[in-house]
Amino acid sequence: MLKDPIQEALNEQINAELYSEYMYLSMAAYYEEEGLPGFAAWMRAQADEEHDHAMRIYDFVLDRDGRVLLDGIEEPPTEWESPAAAFEAAYDHEVEISGMIDDLVELARAENDNATENMLQWFVAEQVEEEATAADIVDKLRYVGDDGPGLLMIDRELGQRRGDAGTDDAPSGSTPE
Ligand code: FEO
């Protein structure tokens, strides 16, 4: 049985993961519009992963005999200043999500909820990967700057990312290589 503060916090995290899915879908649409299909494909694969993240917590709440209470999903931005700015926003978002996961771990410890803490450890590891992957691409984008051919090269590379949502028990390999 889940204690109320844990149930509430996990429902908030489900909402945050679904918002992440929504935001990455919005970024995918933006990149399509910008003529960068590889970036768009990468963002779509990322959106799938976020859906998987939400469902992990959703299933956990149900397994613990808790209530999943879905809330409205905030409207994501639809425009960014540049292809690089969108990826920087993605990186910042992942840092924010990592902070939310850390807060959840702290709450689970305070409530002596070992099962929730154990479930959250998957997310702790996943966030290390999520931040590192986004940071890597942001670095590459900084390096190419406004260079069109450089951007197209990264676009080709990102287009090779395979969707890997829901197929593993360990944090997924979300590197674009
Ligand atoms: Fe589910 Fe990208 O954090």
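The values are calculated or read from the model by the stated rules, or taken from the named source; none is laboratory data. Here the structure is a predicted model, which means the values were calculated and not measured. Every residue, glycine among them, receives a Cβ derived from its backbone with ideal geometry; neighbour counts consider all protein chains shown. Accessible surface areas use protein heavy atoms only, side chains included; no ligands, DNA or RNA. Shrake-Rupley method; radii C 1.70, N 1.55, O 1.52, S 1.80 Å.
General remarks:
- Qualifying positions in region 13-27 - touching a residue at least 60 places away in the same chain (Cβ under 8 Å) and either aromatic (Phe, Trp, Tyr) or open to solvent by 30 Å² or more (accessible area, probe 1.4 Å) (or both): Tyr24
- So Tyr58, is it over 10 Å from the mean Cα position of the chain (by Cα), aromatic (Phe, Trp, Tyr) and open to solvent by 60 Å² or more (accessible area, probe 1.4 Å): yes
- Here region 111-133 is the region considered, the condition is being touching a residue at least 40 places away in the same chain (Cβ under 8 Å) and either among the hydroxyl-bearing types (Ser, Thr, Tyr) or within 10 Å of the ligand (Cβ to nearest atom) (or both), and the residue that is farthest from Tyr19 (Cα to Cα) is Thr116.
- Candidates Ala90, Ala108: the one that is more than 16 Å from the ligand (Cβ to nearest atom) and buried (at least 20 other Cβ atoms within 10 Å of the Cβ) is Ala108.
- Scanning region 14-58 for residues that are polar (S, T, N, Q) and within 21 Å of Leu69 (Cα to Cα) yields Asn15, Ser20.
- Residue satisfying condition, being crowded, with 20+ Cβ neighbours inside 10 Å and under 16 Å from the mean Cα position of the chain (by Cα), within set Thr133, Thr116: Thr133
- Test: Asp102 is away from the ligand (no atom under 16 Å from the Cβ), open to solvent by 50 Å² or more (accessible area, probe 1.4 Å) and part of a helix (DSSP H, G or I): no
- The single condition from (1) more than 16 Å from the ligand (Cβ to nearest atom); (2) touching a residue at least 60 places away in the same chain (Cβ under 8 Å); (3) within 17 Å of Ala47 (Cα to Cα) that Thr78 fails is (2).
- Region 28-54: number of residues that are within 16 Å of the ligand (Cβ to nearest atom) and either open to solvent by 60 Å² or more (accessible area, probe 1.4 Å) or under 16 Å from Glu94 (Cα atoms) (or both): 13
- Flag if Leu152 is of a type outside the set (Asp, Glu), open to solvent by less than 90 Å² (accessible area, probe 1.4 Å), at pLDDT 95 or above and within 17 Å of Ala86 (Cα to Cα): no
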